[in-house]
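Here's the structure we're looking at; comments come further down.
The values are calculated or read from the model by the stated rules, or taken from the named source; none is laboratory data. Note that the structure is a prediction, hence the values are computed from the model and not measured. All Cβ positions, even for glycine, are placed from backbone atoms using ideal geometry, and neighbour counts span all protein chains on display.
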Amino acid sequence: MADGFSAALIGWHRREGRHDLPWQRDPTPYRVWVSEVMLQQTRVGTVLPYFVRFTDRFPDVRALAAADSDEVLHLWSGLGYYARARNLHRAARMIVERHGGRFPETFDEVATLPGIGRSTAGAILALSMGQRHPILDGNVKRVLCRYHAVTGWPGSAETGRRLWELAAAHTPEREVSAYTQAIMDLGATLCTRARPDCDRCPLREGCLAFRNGSQMQFPEPRPSRALPLRRCRYALIRRPGSGELLLQRRPPAGVWGGLCCLPELPDGVEPRAWCRERFGLEVSLLEPRPGPAHTFTHFRLQMQLQPMEVRGETDIVMEQEGLLWYKEGRRQAVGIPAPVRRIIRQLELESPP
């Protein structure tokens, strides 16, 4: 089963595939690893500038391992799914400690690193070392589901097992790197979710979904479920005149873990008393305002903002760990979630020059 399928893909990729992505020009295990982690649930066009900035600053695993977590998260800010950045940083330190800074070369060693699952481990080793390992990212799942008319949601255990079997059967013994890049590229450029370009597809003749005109029925969607809505109040605490905004580092785990965010107001508290007790600040309250909404994997967040202006002494804040006065445009290498970044930019637009 693998020969015709893989040969058609490899031939197509030689003619029409992508060959000049930054991680393809110098496909070291480190660079492929960073790209594969960034590409998890994120489009290539979005990843490109982040990859270039990240690898310019951290050109190898030792540089990444030696970095401060704030700088790592700062360079990841806006890319989302921040656990990826934290796991990447942790894994780099493990590689230095356990492997002397050399990226491991066996599947079992790679798959035990934080943030690397079966598909990502296989892709790293296939693309950088030519080892034969099947992969099953979102693009590959879509290609296989359509080609074989695989029913069931790909995230279910039964359908997942079937797709892994097909992925392994189609992976060739030779030219593994070319094949792996080809099947990912096909899903990203032709066999897309919304408008598959079947007329240009090298697998069209054997594709069951194309033959039956049922391309849009595969892969089957996840069973629908309503995401719960969570409303949270956040404090916009500003130093009058300076435009500085108080940010607080969140705990390492959980939503926006390790990032600098607006302080979250607990339910039922009076904001002025809470600021006095929590930060030692005297504040004046301004009119509450709605904040942006943000969708996470398991819930939707509606941010509510409580603007405040500090009155009197503010130095006491600097004595508390995890707090900082932040001003857009100043060189402060800290990670900030995209919704908070949007709030900060809006405040800058509203401030008089």
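Scoring ARG86 on the criteria (1) of a type outside the set (Gly, Ala, Ser); (2) surrounded by 15 or more Cβ atoms within 10 Å (Cβ to Cβ); (3) more than 24 Å from LEU259 (Cβ to Cβ) leaves a single failure, condition (3).
Can you confirm whether ARG161 is within 30 Å of ARG25 (Cβ to Cβ), surrounded by fewer than 20 Cβ atoms within 10 Å (Cβ to Cβ), among the charged types (D, E, K, R) and without any contact (Cβ under 8 Å) to a residue 60 or more places away in the chain? Answer is no for this residue. Residues in segment 40-62 that are of a type outside the set (Lys, Arg), modelled with pLDDT of 95 or more and in a helix (DSSP H, G or I): THR46, VAL47, LEU48, PRO49, TYR50, PHE51, VAL52, PHE54, THR55, ASP56, VAL61.
Taken together, ARG222, ARG230 contain a single residue that is farther than 24 Å from SER6 by Cα and in a strand (DSSP E or B), which is ARG230. Residue check: is ILE344 more than 18 Å from LEU73 (Cα to Cα), modelled with pLDDT under 95 and of a type outside the set (Asp, Glu)? In short, no. Filter segment 102-114 down to the residues that are under 24 Å from the mean Cα position of the chain (by Cα) and of a type outside the set (Phe, Trp, Tyr), then identify the one that is surrounded by the fewest Cβ atoms within 10 Å (Cβ to Cβ). Going through the qualifying residues, I end up with ASP108.
Applying the set (1) under 30 Å from PRO263 (Cα atoms); (2) surrounded by 15 or more Cβ atoms within 10 Å (Cβ to Cβ) to PRO228 leaves exactly one unmet item: (2).
Of the residues making up segment 36-79, those that are more than 26 Å from ALA126 (Cα to Cα) and either over 14 Å from the mean Cα position of the chain (by Cα) or surrounded by fewer than 16 Cβ atoms within 10 Å (Cβ to Cβ) (or both) number 7.
What is the residue count in segment 276-310 for residues that are more than 33 Å from the chain's Cα centre (by Cα) and modelled with pLDDT of 90 or more?
Of segment 276-310, the ones more than 33 Å from the chain's Cα centre (by Cα) are 276-277, 280-287, 309-310.
Filter once more, keeping what is modelled with pLDDT of 90 or more: 276-277, 281-287, 309-310.
Within segment 276-310, residues that are more than 33 Å from the chain's Cα centre (by Cα) and modelled with pLDDT of 90 or more number 11.
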